[in-house]
There are 2 protein chains.
Amino acid sequence: MNFPKSVHISEEGPREGFQIEKAVISTERKVELIDALSETGLKQIQIAAFVNPKQVPGMADSDEVVRQINVKPGVSYGGIWFNQRGLERARSTNRLTLLGKIRMFPSDAFLKANLKRTAQEHLKTVHEEMDQFKKQMIPVDRISITSAFGCNFQGDIPQERVMSDIAQAVEIAQEHNIKPTIISLADTMAWANPLSVKQLVGKIQDQYPQYKISLHLHDTRGMAVANAYAGLEMGVDMFDASVAGLGGCPFASHAGAAGNLCTEDFVFLCDELGIETGVDLEKLIEVAILAEEIVGHPLPGSVMRGGSLKKLRERA
Amino acid sequence: MNFPKSVHISEEGPREGFQIEKAVISTERKVELIDALSETGLKQIQIAAFVNPKQVPGMADSDEVVRQINVKPGVSYGGIWFNQRGLERARSTNRLTLLGKIRMFPSDAFLKANLKRTAQEHLKTVHEEMDQFKKQMIPVDRISITSAFGCNFQGDIPQERVMSDIAQAVEIAQEHNIKPTIISLADTMAWANPLSVKQLVGKIQDQYPQYKISLHLHDTRGMAVANAYAGLEMGVDMFDASVAGLGGCPFASHAGAAGNLCTEDFVFLCDELGIETGVDLEKLIEVAILAEEIVGHPLPGSVMRGGSLKKLRERA
């Protein structure tokens, strides 16, 4: 085992969750959830998506949500956007840490179906985005690989293709004189298993030891905790996770698209392994229960129901 | 990785599930579920518990269930019992594979709370049980360790205690001239994590290489798949699992006691790793959906909702 001493968790629950929930959640309750998350020890929370409100009505109030939260010192709040208009909305809040990515899509079929681009056309777009980031003085912290393990449109993604996409991204970074420090692997449609996680992470560590690796794991097939554990054994120390397992990918083309790795289940795992998260698990469990109350239906988290072992250990 | 080529799965869903469900499930529907499981390729199914019907009313019709199933050639059907009367009921069905266990409880607090015995008194009971098994000509195939990782009453269970319980059981087997071939570790109350699984399994493999190891993993804290994967990496090739995640332990003293490792999620994992299960995953998913319909509420399985990757691969 090559466990890290500590892990950094990016909480994705608000962004992943609010975009997919069918019932209208009031701005007030969104703010309540984010403020509660800010008190758990989480250091990074994704809270907004500046996208077309007609396409993603659950995020239409993102600007207002960002304005109303209690910004907790030491917590970085983030959001996503996909075009100039979205970026301007994000920037105008003045409260978000804006970060750019070199976004790579090793699934040609996904590129075609969702972004209407060939891989070649996409590269051109990435170059334009880098120019924009520079102009807007937005730091680019990561190379981000969507559907790094498999894709419902394309099937299995060969690891060689991911490696060549990373190589292209590294080249793009050099050309634009930017220095991302993270390679982020997203299992967007839940095709990964612990072995494929270990293999891909190992290849990247061998070839790009100067980069940190971050994992974004969906739980559609119940593998997220096992996949995260595989990452921990490889020394991965950056994870996206979603409180109570909120969320899911609305573009995954099937109904079962479950949320991300559940944050409190992952924190429980880290606690048991002696890996620091900086998060107070008991507080986080309370927030998970709050999240379930806010969305009004059961969420997939386990530890929020089963409880941590802390009280049981104290009682025994 | 020291993956096994194939794994043996003991399906625990009917036994684990029917005992804990609050709504009455008709004998007919129990039989329907068991018969459907028999058609998936599973080779061992636990279908009955011959226990006090007043204490576990969901199992009161066990005798009738066993009589009504379609016995599929090649499938072994099992049940549990805790006393002479239960054993007689089990035997009188003439359709079950009756197997004895050397049952060890490394949690003194659990022994005291549930069985009203000290460890010393328990050893005496085990000797008596071995005498009974011999008299009744019931083969004893395993040493079974309950709460092998931790216990809500006792707290963490030191691995040294588990090892000394195994040593005692091995001694008992020798004294009675019986030859169990399996050491079964039950994470009855979901205290295990993948690291503790690897450590305990490793110790047992080192000291008792002639025994096969079997894992019985509860999913109360969302760790079951990760724990099972840890077992696979150690070469463990016998697992208990529960279709759709049916069930839970009624004696676990907390409401969150979730079911076992979900069978179809585990079969999915094995399929992805190239480990033979003998089970048709698509058929098993249909049975999981049937199980959910029969109990009348959502069950915790993931792949039954997210789907396997087979059709997506074919379509891509």
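The values are calculated or read from the model by the stated rules, or taken from the named source; none is laboratory data. Treat the numbers as computed from the prediction; the structure is a model and nothing was measured. Cβ sites come from the backbone with ideal geometry, for glycine too, and all protein chains shown count toward neighbours.
Output yes when any residue across the range B:42-51 is surrounded by 20 or more Cβ atoms within 10 Å (Cβ to Cβ) and touching a Leu at 6+ places or on another chain (Cβ under 6 Å), and no when none is. Break it down into steps so the answer makes sense when it comes.
Step one: of the range B:42-51, the residues surrounded by 20 or more Cβ atoms within 10 Å (Cβ to Cβ) are B:42, B:45-51.
Still in the list and also touching a Leu at 6+ places or on another chain (Cβ under 6 Å): B:45.
There is at least one residue in the range B:42-51 that is surrounded by 20 or more Cβ atoms within 10 Å (Cβ to Cβ) and touching a Leu at 6+ places or on another chain (Cβ under 6 Å).
When the range A:73-110 is filtered for residues that are closer than 22 Å to A:ALA169 by Cβ, over 14 Å from the mean Cα position of the chain (by Cα) and of a type in the set (A, V, I, L, M), the ones remaining, listed by number, are A:LEU87, A:LEU98, A:ILE102, A:MET104, A:ALA109.
Listed residues B:GLY222, B:GLY150, B:GLY155; which is within 14 Å of another protein chain (Cβ to nearest Cβ), buried (at least 23 other Cβ atoms within 10 Å of the Cβ) and over 23 Å from A:ARG221 (Cα atoms)? Break it down stepwise before answering.
Values: B:GLY222 fails: over 23 Å from A:ARG221 (Cα atoms); B:GLY155 fails: buried (at least 23 other Cβ atoms within 10 Å of the Cβ).
Result: B:GLY150 is the single residue among B:GLY222, B:GLY150, B:GLY155 that is within 14 Å of another protein chain (Cβ to nearest Cβ), buried (at least 23 other Cβ atoms within 10 Å of the Cβ) and over 23 Å from A:ARG221 (Cα atoms).
Could you please let me know if A:GLN168 is within 14 Å of chain B (Cβ to nearest Cβ), surrounded by fewer than 20 Cβ atoms within 10 Å (Cβ to Cβ) and either on the phi > 0 side of the Ramachandran plot or not acidic (Asp, Glu) (or both)?
Details: within 14 Å of chain B (Cβ to nearest Cβ): no; surrounded by fewer than 20 Cβ atoms within 10 Å (Cβ to Cβ): yes; either on the phi > 0 side of the Ramachandran plot or not acidic (Asp, Glu) (or both): yes.
No.
Within the range B:135-155, the set of residues being within 19 Å of B:HIS122 (Cβ to Cβ) and polar (S, T, N, Q) comprises B:SER144, B:THR146, B:SER147, B:ASN152, B:GLN154.
Within the range B:302-316, can you find the residues that are at the interface with another protein chain (Cβ under 7 Å from one of its Cβ atoms) and over 15 Å from B:GLU272 (Cβ atoms)?
Within the range B:302-316, B:ARG305, B:ALA316 meet the criteria.
Among residues of the range A:97-122 that are closer than 17 Å to A:ALA167 by Cα and at pLDDT 95 or above, those with a Cβ under 8 angstrom from a residue that is among the charged types (D, E, K, R) and not in a helix (DSSP H, G or I), sequence gap 6+ or separate chain, pair up as A:LYS101/A:ASP141; A:LYS101/A:ARG142; A:ILE102/A:ARG142. Within the range A:114-131, not a single residue is of a type in the set (S, T, N, Q) and in contact with a strand residue (DSSP E or B) (Cβ under 7 Å, 6 or more places away or on another chain). None of B:GLY100, B:GLY74, B:GLY79, B:GLY155 is at positive phi and touching a helix residue (DSSP H, G or I) at 6+ places or on another chain (Cβ under 6 Å) except B:GLY155.
Here is a check on your reading of the model: is A:SER6 among the small types (Gly, Ala, Ser), in contact (Cβ under 8 Å) with a residue 60 or more places away in the chain and within 30 Å of B:MET1 (Cβ to Cβ)? The answer is yes for A:SER6.
Before we move on, is A:ASP131 over 21 Å from A:ALA224 (Cα atoms) and in a helix (DSSP H, G or I)? Outline the logic, then answer.
Values: over 21 Å from A:ALA224 (Cα atoms): yes; in a helix (DSSP H, G or I): yes.
Taking the combined requirement at face value, the residue satisfies it.
For the range B:268-282, a residue qualifies if it is buried (at least 16 other Cβ atoms within 10 Å of the Cβ) and more than 13 Å from chain A (Cβ to nearest Cβ), and the qualifying residues are B:THR277, B:VAL279.
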